[in-house]
Each structure stands twice: as structure tokens, then as C-alpha cells.
1. From (1) within 20 Å of the chain's Cα centre (by Cα); (2) buried (at least 17 other Cβ atoms within 10 Å of the Cβ), pick out the condition that doesn't hold for residue 87.
2. So which residues in region 192-230 are surrounded by fewer than 17 Cβ atoms within 10 Å (Cβ to Cβ), of a type in the set (Val, Ile, Thr) and more than 15 Å from ligand 2 (Cβ to nearest atom), if there are any at all?
3. Going by the conditions given, is residue 188 out of contact with any Cys (no Cβ under 7 Å at 6 or more places or on another chain), modelled with pLDDT of 90 or more and more than 28 Å from residue 309 (Cβ to Cβ)?
4. Testing residue 70 on (1) away from ligand 2 (no atom under 16 Å from the Cβ); (2) in contact with a Phe, Trp or Tyr (Cβ under 8 Å, 6 or more places away or on another chain), one condition comes back false. Which one is that?
5. I'm told residue 22 meets every condition in (1) away from ligand 1 (no atom under 14 Å from the Cβ); (2) farther than 23 Å from residue 186 by Cα; (3) of a type in the set (A, V, I, L, M) except one. Can you identify the failing condition by its number?
6. Which of the residues spanning region 114-139 are of a type in the set (Val, Ile, Thr), open to solvent by less than 10 Å² (accessible area, probe 1.4 Å) and either over 22 Å from residue 43 (Cβ atoms) or modelled with pLDDT under 95 (or both)?
7. If you go through region 195-224 one residue at a time, how many are more than 14 Å from ligand 1 (Cβ to nearest atom), in contact with a Ser or Thr (Cβ under 9 Å, 6 or more places away or on another chain) and more than 21 Å from residue 173 (Cβ to Cβ)?
Amino acid sequence: MTFHQPNKDKAAQFGNRNNALLSIVVPVFNEEDAVGIFLREMEAVLATCRKIIGGEALTEIVFVDDGSTDQTIARILAHEGCGSIIRIVKLSRNFGKDPALAAGLVHAHGHAVVPMDVDLQDPPEILPRMVAAWISGEKVVNAVREDRGSDTWLKRHSAGTFYNVYNRISSYPLQPNVGDFRLLDREVVDILNSMPERIRFMKGLFSWLGFQPFNIEYQRQARSAGTTKWNFWSLWNFAIDGITASSTLPLRVWSYVGGGVAIIALIYSIFLFMRTLIYGVDVPGYSSLMVVLLTIGAVNMIALGIIGEYVGRIAIEVRQRPLYVVEDEQTAHERSLCTRNANGN
Ligand code: UDP
Ligand code: MG
């Protein structure tokens, strides 16, 4: 933890940016085709970042291996280049991108930390601008997608609908078109790391945190290699996690639905009562009875289902299991020497 500076003394931290450490956190899951391209692309960009920061600035890339079963780690270790310290945090199995990212944020030592995808969909070219903004004092620098042209029609529209619904019901609106690609100052990373929830909806955590972000726009590229691990079902679950993690409105709404149904039932009862008084007893009531019975039954089921979603998540949170399990950690120490030589030190 040589580079980790406790963030309590802000003045000291800002003063230290001259020999700062910049961390890039990259969760990887079966990305053997993408890691090599990523490392090659990053070399020049990180050299530029070190120049921008100045002094004896260092850069590290923290790969979080999220249970890959292919040659991902071997390809990272085989990378010949130098310039950045390369560290690998190996999780014991596939925990999913958000827990992997959480592990990376805990293991990154940098004064500024940037989570990135390995597939170059988060273009490294804009990193220097993000770093420059950080140097000038910004604590959160967001990379905002200008268009999602490279995403499929389904992904674009489902994402749009999700943002709409989410922002209507949550008190902490999400900034549309911002993913996990953002620069976070150590101060912000420490707060994120101290948040205990097990179901980590990162976008929601970021918006809860506040901090006025500085925005940099970019064009979203297509994947450099490999295929996305997301399918429609995982996106749907992601959306439900997001909404239940940030809002209790879906729970509260049932009191109103219940009230509404009760009022309709009362009006209908009065109508039936009056009709019986005026026209006498009307025996066939089967269809109206069934309609009322089924409607109320269905409404009850939906309400129970939604309460179940929350109860399930409460169960996960109270178990207090670790978010991820680190099996192994490796640091390519010689690369730090290599960095110093490359800097002429
Ligand atoms: N990823 C991960 N664990 C998973 C799924 C994905 O660490 O279970 C990583 C993946 O290797 C990549 C990043 O998360 O670096 C983004 O994944 P992907 O490109 O598949 O997502 P998309 O860009 O389609 O949102
Ligand atoms: Mg991707």
C-alpha cells in the first residue's frame, strides 16, 4: 500500500498530485482476445497521462480476473510492454462485473481511479482529458456517450426505457449515457469502498454519492474482440436490482392500488345493492363474481411478488457475506522499475 494516501488531509493530497499514482481498474471475464489489444493501446495513452500529471507520476493497471476459464491471465502476463505497474487480482469464481469492479476499487492504490472495460468500448484516447480535469481539481470526471450507435436496437431502447422509469421513481436520478467509465478521486473511491451493500448497483451508488461531475463526451465504439457477456435476461435482472436498490416506491404503491380497488369495490357494491332493491333479486351473478375475484387475486399476487423481490434482497444483505473472494494477487513489480526508467528517473 505504498502509494495509498489516506484522504483525510485534502491539502496534502492535492499537493501530492505531482507524484501521483493513477489506477485503471479493469474487470475481465474470459477476455483472452481483448487483453492484448487493450494493453497495447493503453501504453501510449498512459505515458501521456503520466506526462500530464508530471513529476514522478506512476500508472497501474489493476486487472480483476472475474473467474476466467480461458487464457486471460496468461495473456496479461505475457504482455511485453512496460510503462505501468500491472496487477492481477484473481477472484475465486465468476462474481459478475459489479462485484469485480468493487474488488478492483478496493485493491487500486491510486490517487485517482478509472474503471474501464477491456474491450476498448471505453476509448482510452479520452483518458488524458479526464486526467487533466482531475489535475485541475475535479473529483469526478464522467465520460458521457454521445451516441449509442454501436449498440443493438434492443439494447439502446431497453436502456432508454430503464433510465426513464428509474429516474421517475428514484430520488437520485441517474445521468443517462454514463457507464462505469469515469475518473474518481481517492476521496470518492474511499467513500464507495465504505458502502456496505452486497447488491451493488454502481450507477445508483454513484448518483447517491453526489459530487458534481465534470463531463467529457465520447463516441461509443464497437467491441474490439470477443463477445458481450450480457443477454436480455441479465439486463432485466440488472434493471430490477437497480430499481429495488434505489427506491421503495414499488412497495409503497400497493397501498394506493389497494385503496383504489377498495373504492371501486365499494361503488360496485352500492350499485349491486341498489339494483337488488329496485329490480329485486337477480340470481345469476357468476360472471361479475369471477371478474372481481380474479382481479383482486391478480392484484394480490403482483403485490406479493414485488414484496418478495425486496424481502429476497433483504435476506441477501443480512447474510453479510463478502462481496467477492480473492483467490490470489500478483503484481508485476519489475514494471514499476521499468516505468521509472521510461520516465528517465
Ligand atoms: N465482465 C466481468 N464479469 C462478468 C461480465 C463481464 O468482469 O461477469 C467484464 C468484461 O470482461 C468487460 C466488462 O466487464 O471487461 C464489460 O463487459 P461487456 O463488454 O461484456 O459488457 P457491455 O460492454 O456489453 O456492457
Ligand atoms: Mg463492452
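The values are calculated or read from the model by the stated rules, or taken from the named source; none is laboratory data. The structure displayed is predicted, hence computed values, not measured ones. Every residue, glycine among them, receives a Cβ derived from its backbone with ideal geometry; neighbour counts consider all protein chains shown. To get the accessible areas, we keep the full protein, side chains included, count just its heavy atoms, and leave off ligands, DNA and RNA. Shrake-Rupley method; radii C 1.70, N 1.55, O 1.52, S 1.80 Å.
1. Result: residue 87 passes all but (1).
2. Residue satisfying the conditions is 199 alone.
3. Working: out of contact with any Cys (no Cβ under 7 Å at 6 or more places or on another chain): yes; modelled with pLDDT of 90 or more: yes; more than 28 Å from residue 309 (Cβ to Cβ): yes.
Criteria met by residue 188.
4. Checking residue 70 against (1) away from ligand 2 (no atom under 16 Å from the Cβ); (2) in contact with a Phe, Trp or Tyr (Cβ under 8 Å, 6 or more places away or on another chain), the one that fails is (2).
5. It fails just one condition, (2).
6. From region 114-139, those of a type in the set (Val, Ile, Thr) are 114, 118, 126, 131, 135; that's our starting set.
Imposing the further condition that a residue be open to solvent by less than 10 Å² (accessible area, probe 1.4 Å) reduces the set to 114, 118, 131.
Listed by number, the residues that qualify are 118, 131.
7. 1
Quick grid of which residues meet (1) within 25 Å of residue 96 (Cβ to Cβ); (2) in contact with a His (Cβ under 9 Å, 6 or more places away or on another chain); (3) touching a residue at least 60 places away in the same chain (Cβ under 8 Å); (4) assigned to a helix (DSSP H, G or I):
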{"position": "237", "(1), (2), (3), (4)": "yes, no, no, yes"}
{"position": "250", "(1), (2), (3), (4)": "yes, no, yes, yes"}
{"position": "260", "(1), (2), (3), (4)": "no, no, no, yes"}
{"position": "266", "(1), (2), (3), (4)": "no, no, no, yes"}
{"position": "270", "(1), (2), (3), (4)": "no, no, no, yes"}
{"position": "291", "(1), (2), (3), (4)": "no, no, no, yes"}
